[in-house]
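I have a structure here, written as structure tokens, and I will follow up with some questions on it.
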Amino acid sequence: MASGNTFANLSIPEQALLWVKNNIVEIAGAFAVLIIGLLVAKIVSGLVDRALTRHPKFDPTVSTFLSNLVKYSLWALVIVTVLAQFGVQTTSILAALGGLALAVGLALQGTLSNVASGVMILVQRPFRIGEGITAGSITGTVQQIGLFTTELKQFDGLFVMVPNSELWNQAIVNLNRHPTRRFELIVGIGYDDSMAQAREELLALAAADERVLDDPAPQAFVSSLDDSSVGIGLRCWCATGDYLALSWDLTEKAKARFDDVGITIPFPQREVTQRSA
């Protein structure tokens, strides 16, 4: 009791000095654990970052995110270990941290979903910067891929920012991933016109255009028998970068060629028969 009274009669600086003297071993151990732990965390996170950066499937953004996640996790472990040096019950601390993490996760579930989707996009790479994609109702060129959102420039010049979770949860069509692409043209001709001649004219147009690839060879075929016309189809392959211009040119040339050789492109017609009562 006297010892307690003596300690209580001391000033705050004297109490602090006395506490340091009595716990010098624990303080030294905690300080050593802190220094070594922070050093190990820095080394391990650096190794993780370098390993992920060298891997071709990992984007630098993902490498930085995962290395920081490792570093902060090790920091938390070091802090808990330091507190244990002073007799603090770490079980209650870990339980509190777990509850805090759960609460934060529930509050930020939308944001965390975007982060998780962003990591998957950067790792799986369904698209890259500069590629054109279609996802749902959005079509455009990828400008930037972040952990939370992806920025697109639509083909009409408009800027679009899409949450990563929306992109990841639906089918993504990459317009530029493969070097070649198939173009298909369907032209309706009259029932009185020659189907064989129409096929030959379309194949001649494809053969005359140097953008059309020889392998696979172009194909012309009868695609449908409609109410007012016979559908004649043309399939050919071209470089992906030539697709749009080729589609415009072949469509225009097909109309002009059919006009020149007398093949009609009929419009829908209906016959109405009127009967008297």
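The values are calculated or read from the model by the stated rules, or taken from the named source; none is laboratory data. None of the values given here were measured: they were computed from a predicted structure. Quick reminder, even Gly has a Cβ in these numbers, built from the backbone with ideal geometry, and neighbours come from all protein chains shown.
Listed residues Val261, Val272; which is more than 30 Å from Asn176 (Cβ to Cβ) and loosely packed, with under 11 Cβ neighbours inside 10 Å?
Val272
While we're on this one: Residues in the stretch 204-239 that are surrounded by fewer than 17 Cβ atoms within 10 Å (Cβ to Cβ) and in a helix (DSSP H, G or I): how many?
3
Considering each of Ala28, Ala32, Ala41 in turn, give the residue that is part of a helix (DSSP H, G or I), modelled with pLDDT of 70 or more and surrounded by 14 or more Cβ atoms within 10 Å (Cβ to Cβ). Spell out the reasoning first.
Details: Ala28 fails: surrounded by 14 or more Cβ atoms within 10 Å (Cβ to Cβ); Ala32 fails: surrounded by 14 or more Cβ atoms within 10 Å (Cβ to Cβ).
Step by step, each of Ala28, Ala32, Ala41 is checked, and only Ala41 is part of a helix (DSSP H, G or I), modelled with pLDDT of 70 or more and surrounded by 14 or more Cβ atoms within 10 Å (Cβ to Cβ).
Tell me whether the stretch 65-76 contains one or more residues that are modelled with pLDDT under 75 and more than 30 Å from the chain's Cα centre (by Cα).
No, the conditions are met nowhere in the stretch 65-76.
Would you mind telling me which numbered condition in (1) modelled with pLDDT of 95 or more; (2) part of a helix (DSSP H, G or I) Glu184 fails?
Glu184 satisfies every listed condition except (2).
Here's a follow-up. Cβ-Cβ distance below 6 Å, separation of 6 or more or different chains: which pairs start in the stretch 33-48 with a residue that is assigned by TED's automatic domain parsing to the domain that holds Val82 and closer than 11 Å to Leu66 by Cα and end on one that is surrounded by 15 or more Cβ atoms within 10 Å (Cβ to Cβ) and among the small types (Gly, Ala, Ser)?
Taking only residues 6 or more apart or on different chains, the pairs are Ser45/Ser67; Val48/Ser67.
From Leu246, Leu167, which residue is at pLDDT below 95, within 30 Å of Ile145 (Cβ to Cβ) and outside any loop (DSSP other than H, G, I, E, B)?
From the options Leu246, Leu167, the qualifying one is Leu167.
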